[in-house]
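Enquirer: Before we start, here is the structure in question, set down as structure tokens.
Where a number appears in this text, it was derived from the coordinates with a stated rule and is not lab data. Here the structure is a predicted model, which is why all the values come from computation and not from measurement. Because the Cβ atoms are built from the backbone with ideal geometry, glycine has one as well, and the counts that use them run over all protein chains shown.
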Amino acid sequence: MRVSLDGPDGWARGWIGKGQRAPVRLRRQQGGGGVLVWAGIIKDELVGPFRVEDGVKLNSQSYCQFLEDTFFKQWYRKKSASFKKNMIFMQDNAPSHASKYSTAWLARKGIKEEKLMTWPPYCPGTTSEQAGKSAPCQGCPNQKLCASGATKAPDPAIAEIGEKLSTVKHKILVLSGKGGVGKSTFSAHLAHALASDTTKEIALLDVDICGPSIPRIVGLEGEQVHQSGSGWSPVYVEDNLAVMSIGFLLSSPDDAVIWRGPKKNGIIKQFLRDVDWGELDYLIVDTPPGTSDEHLSIVQYLSATHVDGAIIITTPQEVSLQDVRKEIRFCQKVKMPIIGVVENMSGFVCPKCKNTSQIFPPSTGGAEKMCADLKLPLLGKVPLDPRIARSCDEGRSFLSEVPDSPAAEAYQKIVKTIQDYCSNRVTEEQSTI
């Protein structure tokens, strides 16, 4: 018998017998007189209703007392010894509840901690030593595969990609947790700026599988990828600027790419392993918003290569910064160096009077304060300029069209900072050899 213990803000599910689900629901309902009502059903037996006074903060002490006064006294203590022996307590997987509250209550009742499981259970991960062996693995269709150790072997494509990209000097990811902040625009202009030095070889890889906008921005919409003996040939904007995007593989720019994670991962692997990149000075990777499949794939597949780091793009308002902080946490978790943060759409400079207006006010201090709080470099602020959007729609480089504009000057300073970072990183690595 498995019984659920769930917080007043959550749902819980439980099982009866091994592998057999039971409709256990502890649902929050607004009851009369300003109370929260818990109503749980285990098989055909009603557990509850339990009540928590509205506004009561359930800290460790009050939560345990609640379990004592309601669940334990009204239901659990009336059960037989054999029933209790075979019972496992299920707890929602909020760590603050599972580790502090229910565990503390179980200890007070003399119930061993191993009788508590979280739900939904935490998967230990396919490469963990506990893969296929821990309690949450029970009933998983991949349990035998994980337990065999086969999932711990590294993907052979990682080594292949490492060898393929060994001739690429610098690799830079452009990231943001927020959509619509100008990642693709920045990636394209960064590539254009780097390619302005004709002695350098630059490539731009678009891994935004569902929303590939790079082909339009760089003026290559409608182009096709060609196959050669050495792999896929990228499409060239200039003699020293190559581009690869799934947009080149679609029959129409309006075609929707409706793929789940594995197919996305597969095409990213092909872009890195099967494209004939040749010798490059810089590979710029434009990513979609978020911290999901594409980001995990690109980090995993580049793990055997030298990645200089990530550039984080944001806009000044808090609604953007909130998601960008998540992207920064992602980089920290996967040990991806952060080159710095760019604040895009940072004010509007009137092309006539040159006065600056805040279109997106930095209500919480903008990227500058965020960088100060998180001890990250602020690479620069790019002001709004309608000519940037027009240049992207027409597939031309804004930096070439309006080189003396405040936005172009901001871009050039940011690019110089990035170049210096990459050069210094190479120097530091050589000095440690």
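Enquirer: Take peptides 187-194, 220-227, 351-358, 395-402 and line them up by average Cβ neighbours within 10 Å, highest first, as a rough protection proxy.
Expert: Listed from highest to lowest mean packing, they are 187-194, 395-402, 220-227, 351-358.
Enquirer: Report the label-to-label distance for ASP404 and ALA147 in nanometres (one decimal), using points 7 Å from each Cα along the Cα→Cβ vector.
Expert: 7.4 nm
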